[in-house]
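Peer 1: Take this structure, written in structure tokens, and hold onto it; I'll ask about it next.
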Amino acid sequence: MKKPETCVVTGASAGIGKAIAQAVLATGQPVVGIDIAAPSWTHPDFSFFQADLTKESDVRQVAARIALEHDVTALVNNAGITYPGSLETQTVGDLEKLSALHLAAPMLLAQAFLPTLRSCGHGRIVNLSSRAALGSPERVAYSATKSGLIGMSRTLAMELAQDGVTVNVVAPGPIETELLRQTLGGDDQRYAATVKSLRMGRTGTPEEVAHAVMYFLSRQSGFTTGQVLYVCGGSSLGRLIA
């Protein structure tokens, strides 16, 4: 019996990952979500696997289980965390954990699903980086790993193009999620200052990021690979000066 062609979305329980998963489901394609926390939402075509993607053993185990049950033809590496820190305060432990989630997990999942990504003839990998990859104060480890993900994506795009597999990046700016509020420490003044610094005068929505991801996942986007799309309200152009 042929297994269903499936899209895997990491960090699918909430925020941007949830919006991406639901956008894919709206097209009729089944979605498998991976997250450290269980989702509060359901869908008939949505399956969920709980895993800590900062742990290599968890990544390998969950990937093997998914590959047994699904033909993965699309992979969206969305799961992310941030440990704010300057050069004086950032630790090697922070860098290692962010590297495990933002670099090692996407690589291991792509490796695990590579057979079906290649064999289907229209494999898609979309990695979620960040506007912070261009540099951001108090984000030494975060910006380094998100920048590294762009480099990895461009290299994978070169390696897999002949197999019809595209690899692209969506790099969000400040998006209205719980993660953004946590990153700003729940400080209303910092939140207001962040919004004021944005050229569009507002934060983005998870659905706006999902829309960009859907472009790269589309069958009609097969000639686009190795690209970075900033969904950032213009913040990649530089901050406004008050």
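The values are calculated or read from the model by the stated rules, or taken from the named source; none is laboratory data. Note that the structure is a prediction, hence the values are computed from the model and not measured. Every residue, glycine among them, receives a Cβ derived from its backbone with ideal geometry; neighbour counts consider all protein chains shown.
Peer 1: Looking at the stretch 1-14, I want the residues that are surrounded by 15 or more Cβ atoms within 10 Å (Cβ to Cβ) and have a partner that is of a type in the set (A, V, I, L, M, F, W, C) and part of a loop (DSSP other than H, G, I, E, B) with Cβ atoms under 7 Å, at least 6 apart or on another chain. Which pairs are those?
Peer 2: Final answer for the pair search is 5/120; 10/53; 10/79; 11/79; 13/37; 13/38.
Peer 1: Can you give me the number of residues within the stretch 145-180 that are assigned to a helix (DSSP H, G or I), in contact with a helix residue (DSSP H, G or I) (Cβ under 7 Å, 6 or more places away or on another chain) and closer than 27 Å to residue 84 by Cβ?
Peer 2: Qualifying residue count for the region: 9.
Peer 1: Any residue at all in the stretch 217-231 that is more than 20 Å from residue 146 (Cα to Cα), polar (S, T, N, Q) and assigned to a helix (DSSP H, G or I)?
Peer 2: yes
Peer 1: Residues that are touching a residue at least 12 places away in the same chain (Cβ under 8 Å) and closer than 26 Å to residue 176 by Cβ: does the stretch 54-66 have at least one?
Peer 2: Within the stretch 54-66, one or more residues are touching a residue at least 12 places away in the same chain (Cβ under 8 Å) and closer than 26 Å to residue 176 by Cβ.
Peer 1: Are any residues in the stretch 82-100 out of contact with any helix residue (DSSP H, G or I) (no Cβ under 8 Å at 6 or more places or on another chain) and either part of a helix (DSSP H, G or I) or crowded, with 17+ Cβ neighbours inside 10 Å (or both), and if so, which ones?
Peer 2: Hits for the stretch 82-100 are 92, 93, 96, 97.
Peer 1: Sticking with this structure for a sec: Find all pairs meeting these conditions: Cβ atoms under 7 angstrom apart; at least six residues apart or on different chains; first residue within the stretch 81-93 and over 13 Å from residue 145 (Cβ atoms); second residue modelled with pLDDT of 95 or more.
Peer 2: Close Cβ pairs satisfying both conditions: 86/140; 87/140.
Peer 1: Still on this structure, I have one more. Restricting attention to the stretch 168-204, which residues are modelled with pLDDT of 95 or more and not hydrophobic (A, V, I, L, M, F, W, C)?
Peer 2: Passing the criteria: 168, 172.
Peer 1: Given (1) farther than 18 Å from residue 10 by Cα; (2) at pLDDT 95 or above, where does residue 139 come up short, assuming only one miss?
Peer 2: Unmet for residue 139, out of (1) farther than 18 Å from residue 10 by Cα; (2) at pLDDT 95 or above: (2).
Peer 1: Scan (1) farther than 16 Å from residue 10 by Cβ; (2) at pLDDT 95 or above for the single condition residue 117 breaks and write down its number.
Peer 2: Just one mismatch for residue 117, condition (1).
Peer 1: A follow-up question, please. Please count how many residues of the stretch 214-236 are of a type in the set (A, V, I, L, M) and more than 24 Å from residue 162 (Cβ to Cβ).
Peer 2: 2
Peer 1: What single numbered condition from (1) closer than 21 Å to residue 228 by Cα; (2) touching a Leu at 6+ places or on another chain (Cβ under 9 Å) fails to hold for residue 83?
Peer 2: Going through (1) closer than 21 Å to residue 228 by Cα; (2) touching a Leu at 6+ places or on another chain (Cβ under 9 Å) one by one, residue 83 breaks only (1).
Peer 1: I would also like to ask the following. Of the residues 67, 79, 105, 74, which single one is touching a helix residue (DSSP H, G or I) at 6+ places or on another chain (Cβ under 7 Å), assigned to a helix (DSSP H, G or I) and buried (at least 23 other Cβ atoms within 10 Å of the Cβ)?
Peer 2: Answer to the selection: 105.
Peer 1: Follow-up. When the stretch 196-206 is examined, which residues are found to be surrounded by 15 or more Cβ atoms within 10 Å (Cβ to Cβ) and assigned to a helix (DSSP H, G or I)?
Peer 2: Result: 197, 206.
Peer 1: Please work out which residue is surrounded by the fewest Cβ atoms within 10 Å (Cβ to Cβ), limiting yourself to the stretch 207-238 and to residues that are at pLDDT 85 or above and among the polar types (S, T, N, Q).
Peer 2: The residue in question is 220.
Peer 1: Taking the stretch 200-242, which residues are among the basic types (Lys, Arg), touching a helix residue (DSSP H, G or I) at 6+ places or on another chain (Cβ under 7 Å) and more than 23 Å from residue 15 (Cβ to Cβ)?
Peer 2: 239
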